[in-house]
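All remarks here apply to the structure that follows.
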Ligand SMILES: C[S@@+](CC[C@H](N)C(=O)[O-])C[C@H]1O[C@@H](n2cnc3c(N)ncnc32)[C@H](O)[C@@H]1O
């Protein structure tokens, strides 16, 4: 990420934390990812040469900025969805400022996943309403590239109980390889098969 974009990311992180700090209601908070997680997402897009990237949970767009920056390098197509229209608009303004392209949509994750054809995405970042994740699992498996597609789930160490159900479904799925990284709030990386089998 170039220096101008990094400055925008740093400013966004500071603004989001300032916004969240006095708020009691978790859902009112922007809850952007930890900066090291955002940076890792940009790395993963590049390292896996992901060209079709989906983010579920844009908020005001910190992870979005890093994913879009990675997608710009990989020549990829990046979509990010959030159920909250003002957040989508804020993220759109941030990306415009950073001169980055993305398809930002105000939409419900379940609808987006259910409406996607099989094998739609090379990389999916899941960072939304954790209570719904287990219900997304059948569609996540279906829409992710079958050989070597990558799913990244945030907050698996900060909120283990809330991701336990999808964790059990992942563990029970044949052909899965997964690892949990102690970065930020804990990021679980999940892949199926191998990119070599494509
Ligand atoms: C933890 S925040 C995402 C933070 C963002 N990834 C970042 O780093 O800037 C979770 C977001 O998920 C959104 N969300 C919650 N339920 C959703 C759903 N059913 N579909 C889409 N987005 C949803 C919320 O509006 C919220 O902005």
Candidate set from the stretch 67-90 (those that are touching a strand residue (DSSP E or B) at 6+ places or on another chain (Cβ under 9 Å) and in a loop (DSSP other than H, G, I, E, B)); member that is farthest from residue 34 (Cα to Cα): 76
Those residues that are modelled with pLDDT of 95 or more and touching a strand residue (DSSP E or B) at 6+ places or on another chain (Cβ under 8 Å), I need them from the stretch 91-107; list them, please. 91, 92, 95, 102, 103, 104, 105, 106, 107
If residue 158 satisfies all but one of (1) under 17 Å from residue 41 (Cβ atoms); (2) surrounded by fewer than 21 Cβ atoms within 10 Å (Cβ to Cβ); (3) touching a strand residue (DSSP E or B) at 6+ places or on another chain (Cβ under 7 Å), what's the number of the condition it fails? (3)
Is there a residue in the stretch 116-129 that is loosely packed, with under 15 Cβ neighbours inside 10 Å, more than 15 Å from the chain's Cα centre (by Cα), within 16 Å of the ligand (Cβ to nearest atom) and without any contact (Cβ under 8 Å) to a residue 40 or more places away in the chain? no
Checked against (1) within 13 Å of the ligand (Cβ to nearest atom); (2) free of Cβ contacts under 8 Å to residues at least 40 places away in the same chain; (3) in a helix (DSSP H, G or I), residue 93 satisfies every condition except (1)
Mind checking whether some residue in the stretch 45-61 is under 15 Å from the mean Cα position of the chain (by Cα), closer than 18 Å to residue 94 by Cβ, away from the ligand (no atom under 12 Å from the Cβ) and surrounded by 20 or more Cβ atoms within 10 Å (Cβ to Cβ)? yes
Take residue 163 and decide whether it is more than 13 Å from the chain's Cα centre (by Cα), within 11 Å of the ligand (Cβ to nearest atom) and either over 20 Å from residue 69 (Cα atoms) or part of a helix (DSSP H, G or I) (or both). no
Could you identify the single residue in 134, 128 that is assigned to a loop (DSSP other than H, G, I, E, B) and in contact with a helix residue (DSSP H, G or I) (Cβ under 6 Å, 6 or more places away or on another chain)? 128
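The values are calculated or read from the model by the stated rules, or taken from the named source; none is laboratory data. This is a predicted model, so every value here is computed, not measured. Because the Cβ atoms are built from the backbone with ideal geometry, glycine has one as well, and the counts that use them run over all protein chains shown.
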